[in-house]
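Structure first, then comments.
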């Protein structure tokens, strides 16, 4: 098994993809809108990925947050509210907001588990600030660490109760970034004292099964390498100060915040201490290049992966989507 999560091109698994995945044995896969058309089609695709991997618990990821970040789209799948709705309710009724967020997570899990998806890249724990780039915007759960942690915990718990593993992101905090890391490298010039607030939600949820590292430069910690490529940030800040012991993946290495050939990016992510490299373009030549650059996953990373997937083994929601959505929406009506 190589330490990579790879994407695929279309709605079915192509022969060249199947051959690559069987030979390279990526740790997991990630789906995007291009891969998702109908419930039956996605279920057949995830079944094919599991058969190819030879692992019933292979992680199959998706970004299904609610609001504008969705890969399973209406009318085939229900629309989900953005994180900002829960933040708005929290200011009026914190307990109701937490219950709504938990129902939200479980409702998401029901829709994902139905089609064989077992990992959702959610919750976003970045603090909302006046200068936060729009790429985060209404995806944030608020501007106060305790609120963000409480709502994030509720979403994680809801996902897990439905048999889906959540991913806390974007470590060590994207809220102060004034640029979108999809298009350029953001630089956060804040000092230690200011950044302590950004770390707080992640510290509160440091027992999460999975986390994602941002492509952002924090000169106070490393003046040359962004977080995903920095051993200092991964080991001293994320593993050390935050205390995160779960599976750690990079944000997508195809994003423009990084430079250089994809194989070098992949190797740098692993050298920095991340357990897995995420690359989701689905272009077979890029997937082959990334796979060829990586050695076998370390024992420590494999152990973290097994623990993460073990936390959701055998779990499934006892409530249907309609009941969960009705509970969430009735609570949000008070916002």
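Which shape class applies to segment 24-133: rounded if a/c is under 1.5, otherwise prolate when a/b exceeds b/c and oblate if not, where a ≥ b ≥ c are the square roots of the Cα gyration tensor eigenvalues?
Working: a/c = 2.23, a/b = 1.97, b/c = 1.13.
The shape class here is prolate.
Could you check which residue among 207, 252, 126 shows the biggest mean-square fluctuation in a GNM of the chain with a 10 Å Cα cutoff?
207
According to the square roots a ≥ b ≥ c of the eigenvalues of the Cα gyration tensor, what is the shape class of segment 128-196, taking rounded for a/c under 1.5, prolate for a/b larger than b/c otherwise, and oblate for the remainder? Walk me through the intermediate numbers first.
Values: a/c = 2.26, a/b = 1.69, b/c = 1.34.
Prolate.
Taking neighbour Cβ counts within 10 Å as the exposure measure, how do 62, 2 sort from fewest upward? Spell out each step's value before the answer.
Numbers: 62 27, 2 22.
Least to most surrounded, the residues fall as 2, 62.
In whole angstrom, how far apart do the alpha carbon centroids of segment 254-272 and segment 1-16 sit?
19 Å
For a quick check, take a GNM of the chain with Cα springs below 10 Å and name the residue from 249, 212, 146 with the largest mean-square fluctuation.
In this elastic network of the chain, the residue with the biggest mean-square fluctuation among 249, 212, 146 is 146.
Taking Cα pairs under 8 Å and at least six residues apart, what relative contact order does the chain come out at, in percent? Please report the intermediate quantities before stating the final value.
Working: 736 pairs, mean separation 69.1, N = 335.
Relative contact order here is 21 percent.
In deg cm²/dmol, rounded to 500, what helix-only [θ] at 222 nm does the chain give when every DSSP H run of at least 4 residues adds -39500 (n - 2.57) and the total is split over its residues? Don't skip to the answer; put the middle values down first.
Working: 10 runs with 131 residues, N = 335.
Theoretical 222 nm ellipticity from helices: -12500 deg cm²/dmol.
Calculate the length of the line joining the C-alpha centroid of segment 189-227 to that of segment 109-129, in whole Å.
Rounded to whole Å, the Cα centres lie 21 Å apart.
Once you order the gyration tensor axes a ≥ b ≥ c over the Cα atoms, which shape class does segment 98-248 get: rounded for a/c under 1.5, otherwise prolate or oblate by comparing a/b with b/c?
Numbers: a/c = 1.81, a/b = 1.65, b/c = 1.10.
In terms of gyration-tensor shape, prolate.
Given springs between every Cα pair under 10 Å in a Gaussian network model of the chain, which of 137, 211, 240 has the largest fluctuation?
Evaluated over the chain, the most mobile residue of the options is 240.
With the crude spin-label approximation of a point 7 Å out along Cα→Cβ, what separation in nm comes out for residue 323 versus residue 57?
That separation, rounded to one decimal, is 2.7 nm.
Each reported figure results from applying straightforward, stated rules to the coordinates on display, with no laboratory input. This structure is a prediction, so every number in the text was calculated from the model and none was measured. Don't worry about glycine lacking a Cβ; one is built from the backbone with ideal geometry, like all the others, and counts go over all protein chains shown.
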